[in-house]
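Below is one structure, written out as structure tokens, with a few remarks after it.
The values are calculated or read from the model by the stated rules, or taken from the named source; none is laboratory data. Bear in mind the structure is a predicted one, so any value in this text is a computation, not a measurement. Every residue, glycine among them, receives a Cβ derived from its backbone with ideal geometry; neighbour counts consider all protein chains shown. For accessibility, only protein heavy atoms count, side chains too; no ligands or nucleic acids. Shrake-Rupley method; radii C 1.70, N 1.55, O 1.52, S 1.80 Å.
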Amino acid sequence: MPGFSASAPPKADVDTAGVTPDGPAVADGAANDRPTPQATILVLGGTADANALVRALRQRWPERRIILSLAGRTREPQVPDHAETRIGGFGGAEGLAVFLAAESVGVLLDATHPFAAGIARNAAKAADIAGVRRLKMLRPAWQLVEGDRWTKVSCLAEACRALPAGARPFLALGRQHLSPFTRRSDIRPLARMIEPPEPALPESWTLVLARPSSDRRAEAALMREHDVTHLVTRNAGGAASYAKVEAAREMGLPVVMIARPQTPEGAVCETVEDVVSALG
Ligand code: NAP
């Protein structure tokens with residue numbers, strides 16, 4: 001359910017005049033303007049990077065209203081203390097454009113996950129509709145280094161096809177991305193997740209209920225313990241989930257690396273610091 005929780009409550013009687021779900025609404029040509037000092041900042045989050053961004057923005061502009069938006073996938077999301085949050089989808093790009101106008105958002109910061117392609121597209125379109133400046137924060141993708149044995153693929157289906165019969169892949173993917181692999185009865189995957197999956201995984205699979213580790217030795221130990229033959233992962237980038245890739249390299253394991261979806265055209269910053277200085 002969409003909703004707000006905040007130290008500063010949202011406006012109850014938002015005025016959506018000037019924007020229609022069908023089309024352009026607010027100003028033309030304002031997309032590249034610098035935000036006014038008072039302009040509200042909307043951060044599209046759901047990532048640790050977005051939380052770090054909110055903290056940095058608050059430190060830099062304590063007087064500004066900063067709204068953190070979450071999709072609502074997580075029951076108990078971690079957000080910065082006292083952050084103003086709103087939860088749930090906007091109803092597509094048009095709905096987001098309405099929100100931008102209603103809340104007088106001057107800057108839209110898309111700090112969603114690199115694989116959250118739908119919201120990234122919507123953010124780009126909504127910013128165009130509403131004439132609001134948009135920046136995408138996107139940490140750099142992992143790059144192949146000496147010792148890596150990557151097969152690069154573009155999607156889950158291709159990753160599934162890349163595995164040979166008899167493989168024992170470690171599917172480091174998140175439970176909503178496992179279904180293509182359940183149709184392969186000739187592989188015996190290892191899957192790790194925090195909460196038990198629904199529906200249950202096929203019997204030939206091994207399930208480990210645990211959080212990903214940032215320690216490459218722990219990741220290597222897990223893969224050894226389960227006789228893993230391949231690692232399948234998405235190229236999320238960042239340090240937090242890189243340990244498994246390092247472990248695979250050290251073990252000489254092949255990795256099926258799923259490339260990121262395309263990023264909408266427009267300004268991209270790699271780090272929190274870059275975003276803050278771009279807005280500065
Ligand atoms: P998605 O496919 O790109 O987006 C699907 C829909 O979810 C969007 O159209 C939007 O609904 C809503 N939505 C997504 N992010 C939102 C946000 N921050 N605030 C409000 N609505 C949002 O997204 P996804 O891949 O399911 O990811 C959902 C969220 O989880 C994202 O915020 C992302 O940062 C986070 N996350 C994703 C991954 C991943 O692997 N994809 C990993 C870690 C965290 P409406 O069209 O109704 O506006």
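Structure notes:
- Taking all C-alpha pairs of the chain, those more than 33 Å from each other amount to 31 percent.
- Highest mobility in the GNM of the chain, judged by mean-square fluctuation with C-alpha springs under 10 Å and restricted to E103, E195, E76, is found for E76.
- Fraction of antiparallel bridges per DSSP, the chain only, in percent to nearest 5: 10 percent
- Shape of the range 76-225, Cα gyration tensor, a/c cut at 1.5: prolate
- When the inverse distances between all different Cα atoms of the range 224-277 are averaged and flipped, the Kirkwood radius reads 13.6 angstrom.
- Interatomic Cα distance distribution for the range 157-280, bins of 5 angstrom, percent: 2, 10, 20, 21, 18, 12, 7, 6, 4, 1, 0
- Here the accessible area of the chain is 50 percent carbon and sulfur, with a 1.4 angstrom probe and all protein chains present.
- Surface accessible to a 1.4 Å probe, per residue, for the residues of the chain, Å²: 52 Å²
- When +1 charges are put on Lys and Arg Cβ atoms and -1 charges on Asp and Glu Cβ atoms, the dipole computed for the chain relative to its Cα centre reaches about 580 debye.
- Estimated from the Cβ-Cβ distance and a Förster radius of 35 angstrom, the FRET efficiency linking H82 and A267 is about 0.75.
- Percentage relative contact order, the chain, counting C-alpha pairs under 8 Å, at least six apart: 21 percent
- Size check on the range 69-117: the Cα extents along the three principal axes, sorted descending, read 28, 27, 17 Å.
- Sorting 156-167, 140-151 by their mean Cβ neighbour count within 10 Å, with the most densely packed peptide first, gives 156-167, 140-151.
- Contour excess over end-to-end distance, with Cα ends at T206 and T182 and 0.36 nm allotted per residue: 7.4 nm
- Cα centre as origin, Lys/Arg/Asp/Glu Cβ charges: the range 53-211 dipole, Debye: 260 debye
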